[in-house]
Every structure is written in C-alpha cells, then in structure tokens.
1. Only one of (1) over 30 Å from ASP21 (Cα atoms); (2) modelled with pLDDT of 85 or more; (3) over 58 Å from the mean Cα position of the chain (by Cα) is not met by LYS65, so which one is it?
2. Among the candidates GLU58, GLU94, GLU99, GLU83, which residue alone is among the acidic types (Asp, Glu), surrounded by 10 or more Cβ atoms within 10 Å (Cβ to Cβ) and under 17 Å from GLN18 (Cβ atoms)?
Amino acid sequence: MANGTDVSEPSYVIVNKQLQDVIRLQHTAVARLKAKMSRKDDRVPREEYEKLIRELEEEKLEHVKTKAKLASESERLQFALGEIDILNKQLQREKLSFENAFGQVKSRAFEETQEKMQFQTKCQAMEELCSKQDDILTTKDAKIKELKLRLVRQKEIHQQQLSDLDIHRQQEQYINYNTQKSQDKGKRTRQKRVSFR
C-alpha cells in the first residue's frame, strides 16, 4: 500500500487513495494465486500459499480499517458540509438583513435629504419674503416719518393761522369798540344840543 500522502490533501482524498491501493493489492494477490494454481503441475508450495493467505487476510483487515476510516471521514465530511450549509444559510440571512437595513438607511437618508432640500427651499422663500417685507416696512416707515413732518408743519401753520385769526378778531373787536364808542359819544352830543334849544 502507498504510505506517502500529502498532508495538504483533504482526508477523504487520502482515504480514497488508500482504498484504491488496498483493492489493487488484493487484485494482485488473487492474480498471483490464480497464476500459481494454473501451473501444469498444479502444485503450490504450502509456505507460499500460507504467505498469500496471510497477505490476503492482512489486506482484508486493512480494507476493513480503511472502510471504517472512510466511514468516519465521510461522517466528519457530512458534518462539516452540514456546518458549512448552516453557515451559508446564516450568512445569507445576515446578508439579507444587512441589505434590508442598508436599504432602510438609504431610503431614510434619501427622505431626510429631500426634507432638508424642501426645508432649505422654504427657508429661502421665507428669507426672500422677510427681505421684501423689510423693504416694505422701510418704505412705510419713511412715509410715516414724512407724514409726521407734514403734520408738524401743518400744525405749525394751523397754530399760526389761529394766532393770526385771534389777532384779527381782537383787532376787529377793538375797531368795533372804538366805532361804537364814537357813535355813542356822537349821539350824546346831539342830544345835548337838542336839549339846549
């Protein structure tokens, strides 16, 4: 049997090679036995026969051991394949879970980006509106100041007019008083003249 094996080879490959070696040796032993038996003299030395029998028994024993080892290695291989299958399924689940989580995060990020853009657009519109309202308020404030100045001027003019009217009224009263006084004095003078007659 071949005893030299590559340690880097999988165990089931090693077992398979050993099994092939056992089968090959068995075939060789059987062929040798048949060759001996087919000789013309049909005589086989007892020692050679016993040797062949021992070799055959040893090969059978090795074959049984190899089969047992093969069964053990096959069982280990099946267990390893089962573990690999479990790990592959777990990896697939984790991959799907990751893809779902990543998809949700990506979707949430997209939604937040859209909301941010909408918020920025609203803020920009509000800033423009505030700027326009500031301009309007500035214009109205300037108009209010102008109107206040006009009201102050009108009030001053009105006060001046009232003052002028008051002076004019006083002048008229004074003139009327003097005129009335003169008229009364003239009447008294005429009455005196009439009484002296």
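The values are calculated or read from the model by the stated rules, or taken from the named source; none is laboratory data. No experiment lies behind these values; they were computed from the predicted model shown. As a convention, Cβ positions derive from the backbone with ideal geometry for all residues, glycine included, and neighbour counts pool all protein chains shown.
1. Here LYS65 meets the rest and fails (1).
2. GLU58
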